[in-house]
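Asks: Encoded as structure tokens, here's the structure I'll be asking about.
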Amino acid sequence: MPSSLEIVRIPALSDNYIWLVHEPVSGETMVIDPAVAEPVLAEAEARGWKITQIWNTHWHPDHTGGNAAIKETTGCHITGPAAEAARIPTLDRRVGEGDRVTLGGVEAEVLEVPAHTAGHIAYHLPSEEVVFVGDTLFAMGCGRLFEGTAEQMHTNLQRLSKLPPETRVYCAHEYTLSNARFAVTMEPDNQALLERVAAVEAARALGQATVPTTIALERATNPFMRVSSAEELAERRIAKDSFKA
Ligand code: ZN
Ligand code: FE
């Protein structure tokens, strides 16, 4: 039965979203991928929440830059990918595929989703119908392949596509509009996609966020999830890398 968690979006840098997650029964509060510390500490304080944990999805500075300062201020415990521990010196706990992480009584399962970075992980909270995917899956897009292959990303996206369709997907960036404009060039006849693009353009014109998305929505409109092979994903990823929205 979702959802006991309160999940707050904190915009940071040019297009990052930091997720502040509060579990009211235990009073625990967790931060996913703090790019920076100040707005996170301010938001938690304004709500009267004490940050007890940070969960990182990968080592990139726009996902870990706030770790040290938040830990110094709150004494929180930091969990992140074992395979990237050397690049995240603030980690307390190193996790990998199948490990369980808890926020109060809520359990998350760790999924290894390498490709954007070699040790990238996601956190799936089945009881909440929530998944935090970092820079692996975006609304109508996927992460760049900095340290992995199209085969790996294809495996990741197919795996995520099999989560329950109502699962809410919390990505780490607002890339939706440029992803949407690329997506329609790949699937110009996809009616669900055309409707979504119109909705996204309207939302962004009003300055509204378009994340979280859902697995169902991505299955219907994401040109990287909807490929029939890793080769096709590779072609689309290369085309997107040079696409000017
Ligand atoms: Zn990244
Ligand atoms: Fe990022």
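Asks: For residue 125, work out the one condition from (1) within 16 Å of ligand 1 (Cβ to nearest atom); (2) buried (at least 19 other Cβ atoms within 10 Å of the Cβ) it doesn't fulfil.
Replies: Of everything listed in (1) within 16 Å of ligand 1 (Cβ to nearest atom); (2) buried (at least 19 other Cβ atoms within 10 Å of the Cβ), residue 125 misses just condition (1).
Asks: Pick from 72, 84: which is more than 16 Å from ligand 2 (Cβ to nearest atom) and either under 19 Å from the mean Cα position of the chain (by Cα) or open to solvent by 10 Å² or more (accessible area, probe 1.4 Å) (or both)?
Replies: 72
Asks: Would you be able to tell me the number of residues in the range 202-230 that are exposed (fewer than 13 other Cβ atoms within 10 Å of the Cβ) and touching a His at 6+ places or on another chain (Cβ under 9 Å)?
Replies: Here the count works out to 1.
Asks: Also: Checking residue 4 against (1) small (Gly, Ala, Ser); (2) within 16 Å of ligand 1 (Cβ to nearest atom); (3) open to solvent by 30 Å² or more (accessible area, probe 1.4 Å): exactly one of these is not met. Which one?
Replies: So residue 4 meets the others, but not (2).
Asks: In the range 71-85, which residues are part of a helix (DSSP H, G or I), more than 19 Å from residue 134 (Cα to Cα) and not hydroxyl-bearing (Ser, Thr, Tyr)?
Replies: If the condition is that a residue be part of a helix (DSSP H, G or I), more than 19 Å from residue 134 (Cα to Cα) and not hydroxyl-bearing (Ser, Thr, Tyr), then 71, 72 are the ones that fit.
Asks: Of everything in the range 100-110 that's of a type in the set (Gly, Ala, Ser) and more than 17 Å from the chain's Cα centre (by Cα), which residue is most open to solvent (accessible area, probe 1.4 Å)?
Replies: 105
Asks: Would the range 95-115 turn up any residue that is part of a loop (DSSP other than H, G, I, E, B), basic (Lys, Arg), free of Cβ contacts under 8 Å to residues at least 24 places away in the same chain and away from ligand 2 (no atom under 16 Å from the Cβ)?
Replies: no
Table: residues versus (1) open to solvent by less than 10 Å² (accessible area, probe 1.4 Å); (2) of a type outside the set (Asp, Glu).
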site: 65; (1), (2): no, yes
site: 77; (1), (2): no, yes
site: 80; (1), (2): yes, yes
site: 98; (1), (2): no, yes
site: 112; (1), (2): no, no
site: 117; (1), (2): yes, yes
site: 149; (1), (2): no, yes
site: 157; (1), (2): yes, yes
site: 163; (1), (2): no, yes
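Asks: Residues in the range 192-201: is at least one among the aliphatic types (A, V, I, L, M), at positive phi and buried (at least 16 other Cβ atoms within 10 Å of the Cβ)?
Replies: No, the range 192-201 contains no residue that is among the aliphatic types (A, V, I, L, M), at positive phi and buried (at least 16 other Cβ atoms within 10 Å of the Cβ).
The values are calculated or read from the model by the stated rules, or taken from the named source; none is laboratory data. These numbers were taken from a predicted model, which means no experiment stands behind them. Cβ: placed from backbone, ideal geometry, glycine included. Neighbour counts: every protein chain shown. The accessibility values were calculated without ligands, DNA or RNA, using every heavy atom of the protein model including side chains. Shrake-Rupley method; radii C 1.70, N 1.55, O 1.52, S 1.80 Å.
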